[in-house]
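Colleague: Pasting in a structure now, in structure tokens, and then I'll have a few things to ask.
The values are calculated or read from the model by the stated rules, or taken from the named source; none is laboratory data. What you see is a predicted model; the values in this text were computed from it and never measured. Here the Cβ positions follow ideal geometry from the backbone for every residue, glycine too, while neighbour counts run over all protein chains shown.
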Amino acid sequence: MPVRFGLLGCWHPHAEGMVRQISEHPDEFTLVSAFDSDPVLAAERRARWSSRFSCGNQWCGSVEEVLQSGIDAVLVEGRVFENVALARQAIDAGFPVLLEKPAGIDVAGFDALQRAAAARGLHVQMAYLFRYMSAVQEMLRRARNGDVGQIYAFRGRLPKPLTEYEDLVRDLGAYSGGVFFEMAGHLIDFLVAMLGPPKRISRALAHHHPSTGDFIDNGVAVLECAGGIGIVEVPALEVAPASRRIEVYGTEGALVVPHLGSGHLANNATQPIEIARRGRSDWERLEIPAATLQISDLREFCAVIAGRKPPDFSREHDLAVHAALIEASGMGS
């Protein structure tokens, strides 16, 4: 029987893909109901997604109505500042939650959410959609298997195009961490998975666009971990194509994802990963068939709440990622 989802919030750019994957796999999932506090946004999404619901077009007038609509789980895709509170309402009502990234605007709120979920035996999964991209999965697999030895350096670059600048300022200007806060969590997620939680974080966050204002549009953080150092770069000024990149260096080799692709836009049919091994004179390049985005997040979530497997990313991991993101974004004080 498919897992019945209620949707709380529909603002996030990743919501479109999640709703599409749910509706395109009716044997696995179904979208029962939805709510957003912005009536204009809700009306637009209602018109756009009219065919995506299993029970007609069940848009609700409140969070409580969604939680009483015969659902099994909740997907939270609202505005970053409201998502943890929405997720907490779902947890308090007894539902597991698939929560869009980042996990709110502070550490305390997400920690309290996770504690409340743990006390009720409920699962909270972060929707960091790059986790299940093919090249990323290969990178994590090889790193965990020790193929590159002890990892001593991580570098990730995840820019946003200059053409989106005005939209980014509009959508993210209220957050003091700017575009770095929005995007860096993807990279910190991988860094923590391979190097563990950082012991110390330093940052350089700046506004370098010629426009006036203080929007953070160019940021770099250095995260010092027990066995290595990570560097995370997020500019909002990019004009170069295919410049989203991850590099991992260890004592036995190296792994490079030369272009991470885009989270919710069109991607190539294959994803490359480049591999170096100690003692070999050249890099090896693998072209891996690209996985469909977001379907794996949904399948992972449903498998965990059904008790078929433990989560790929633990509660402790997600808390460490969010704590590092908040500090690296300068939003911890």
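Colleague: Kindly establish whether Gln89 is in the same structural domain as Gly227 (by TED's automatic domain parsing), of a type outside the set (Lys, Arg) and either touching an Asp or Glu at 6+ places or on another chain (Cβ under 9 Å) or modelled with pLDDT of 95 or more (or both).
Modeller: For Gln89, the condition - in the same structural domain as Gly227 (by TED's automatic domain parsing), of a type outside the set (Lys, Arg) and either touching an Asp or Glu at 6+ places or on another chain (Cβ under 9 Å) or modelled with pLDDT of 95 or more (or both) - is not met.
Colleague: Of the residues Val232, Val192, which is crowded, with 20+ Cβ neighbours inside 10 Å, part of a helix (DSSP H, G or I) and not assigned by TED's automatic domain parsing to the domain that holds Glu100? Spell out how you get there, then give the answer.
Modeller: Working: Val232 fails: part of a helix (DSSP H, G or I).
None of the others qualify; the one that does is Val192.
Colleague: Could I ask something else about it? Can you tell me which of (1) in contact (Cβ under 8 Å) with a residue 60 or more places away in the chain; (2) farther than 24 Å from Ala291 by Cβ; (3) surrounded by fewer than 19 Cβ atoms within 10 Å (Cβ to Cβ) is the one Glu166 doesn't meet?
Modeller: (1)
Colleague: Mind telling me which of the residues Ala290, Ala204, Ala269 ends up being within 30 Å of Asp27 (Cα to Cα), of a type outside the set (Asp, Glu) and exposed (fewer than 15 other Cβ atoms within 10 Å of the Cβ)?
Modeller: Values: Ala290 fails: exposed (fewer than 15 other Cβ atoms within 10 Å of the Cβ); Ala204 fails: within 30 Å of Asp27 (Cα to Cα).
Going through Ala290, Ala204, Ala269 in turn, the sole match is Ala269.
One line per residue, one yes/no per condition, for (1) surrounded by fewer than 16 Cβ atoms within 10 Å (Cβ to Cβ); (2) in contact with a strand residue (DSSP E or B) (Cβ under 6 Å, 6 or more places away or on another chain); (3) more than 18 Å from Ile305 (Cα to Cα):
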| site | (1), (2), (3) |
| --- | --- |
| Met1 | yes, no, no |
| Trp59 | no, yes, yes |
| Gln68 | yes, no, yes |
| Val74 | no, yes, no |
| Arg79 | no, no, yes |
| Glu82 | no, no, yes |
| Arg88 | no, no, no |
| Glu100 | no, yes, no |
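Colleague: Let me ask something else. Being of a type in the set (Val, Ile, Thr) and surrounded by fewer than 18 Cβ atoms within 10 Å (Cβ to Cβ) is the filter here; which residues of the range 132-163 pass it?
Modeller: Across the range 132-163, the qualifying residue is only Thr163.
Colleague: Among the residues of the range 48-78, count how many are of a type in the set (A, V, I, L, M, F, W, C), closer than 11 Å to Cys10 by Cβ and at pLDDT 95 or above.
Modeller: Matching residues across the range 48-78 total 2.
Colleague: Which condition breaks for Leu255 when tested against (1) touching a residue at least 24 places away in the same chain (Cβ under 8 Å); (2) more than 30 Å from Asp282 (Cα to Cα); (3) in a strand (DSSP E or B)?
Modeller: (2)
Colleague: Only one of these is outside the structural domain of Leu140 (by TED's automatic domain parsing), of a type outside the set (Val, Ile, Thr) and within 19 Å of Gly185 (Cα to Cα): Ala306, Ala324. Name it. Before you say what the answer is, go through the steps one by one.
Modeller: On the way: Ala306 fails: within 19 Å of Gly185 (Cα to Cα).
Just a single option satisfies the conditions, and that option is Ala324.
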